[in-house]
1. Compute log10 of I(q)/I(0) for the range 15-146 with the Debye formula, placing one identical point scatterer on every Cα and leaving out solvent, at q = 0.17, 0.18 Å⁻¹, to two decimals.
2. Could you compute how fast the range 175-278 diffuses translationally, taking Rh as the Kirkwood radius over C-alpha pairs and applying Stokes-Einstein at 37 °C with viscosity 0.692 mPa s? Give it in µm² per second.
3. Go ahead and run the numbers for FRET between residue 143 and residue 91, Cβ-Cβ distance against an R0 of 45 Å, rounding to 0.05.
4. Residue 152 label point, 7 Å along Cα→Cβ, cut-off 15 Å on backbone N: hits in the range 218-255?
5. After finding the eigenvalues of the alpha carbon gyration tensor for the range 3-49, what semi-axes result from the square roots of 5 times each, listed largest first in whole Å?
6. Suppose only helical runs count, i.e. DSSP H with n ≥ 4. What mean residue ellipticity at 222 nm does that imply for the chain under -39500 (n - 2.57) per run, divided by all residues and rounded to the nearest 500 deg cm²/dmol?
7. Taking Rh as the Kirkwood radius computed over C-alpha pairs, what is the Stokes-Einstein D of the chain at 20 °C in a medium of viscosity 1.002 mPa s, expressed in µm² per second?
8. Under the 0.36 nm per residue contour assumption, what length would be gained going from the current alpha-carbon distance of residue 266 and residue 24 to full extension?
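Derivation of every value follows stated rules applied to the coordinates shown; laboratory data play no part. Remember, it's a predicted structure, so these values are computed and weren't measured experimentally. Glycine gets a Cβ as well: all are built from the backbone with ideal geometry, and neighbour counts include every protein chain shown.
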């Protein structure tokens, strides 16, 4: 039997911490307990890890095939499964994404089969405690909608396209050619829990299919305003050694800024490929 403990960190049961786990161990009971916690809470933080890239890839792969991010220059050398979220530099260039996720989104929603989940491992964090990540409970946000709004959203689809520029670089033409974008339902049913959740994408979600621009923008603004109410948000303060594992099928997240001129934030992200939203 696994000896790990799962401690909910929010009143709504959204977000929990897992203590006593060692992700380097090939332990079926431990894995089953972590998977159950992930499905139950939506986001979990697994404390006090010390992993090699091989360890992280091996554990992540137990949840399914790993996605390779389109930003090949920001991948860890020799480990294309790992996206670097980092403001470290080498030869005058950032080794990873220094400004990743600075808006509400869900990972890789612009793909036909968006991410099931993402595991972000904190190797170095700012010494002043900044650089939090905020998470939004999209299941509770959907359930709190009025009956009329739920009926209105039924069958609606949104177009997700990755074509924005980062602060320090832009996508190449070749990368853009491989990212045509996909439309997904605004409300998706979780394939494992059966619960419905709003499925939005921040600046990746360009418009609602079949609506004119004004109507689409107004409805999306209303939905984002609803989701960003405090009752649906958990603000995670990172500790070194944290592995945060979020379920992209029922959450959004938003990385907060930090003083990247004076502090280092260096993390490894693996992403588990998901299924087609329905």
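1. -1.15, -1.29
2. The calculation lands on 197 µm²/s.
3. With R0 = 45 Å, the Cβ-Cβ based efficiency is 0.35.
4. 218-227, by backbone N distance to the label point.
5. The three semi-axes for the range 3-49 are 18, 11, 7 Å.
6. Computed ellipticity for the chain at 222 nm equals -6000 deg cm²/dmol.
7. Taking Rh from Cα pairs, D becomes 111 µm²/s.
8. Here the answer is 85.1 nm.
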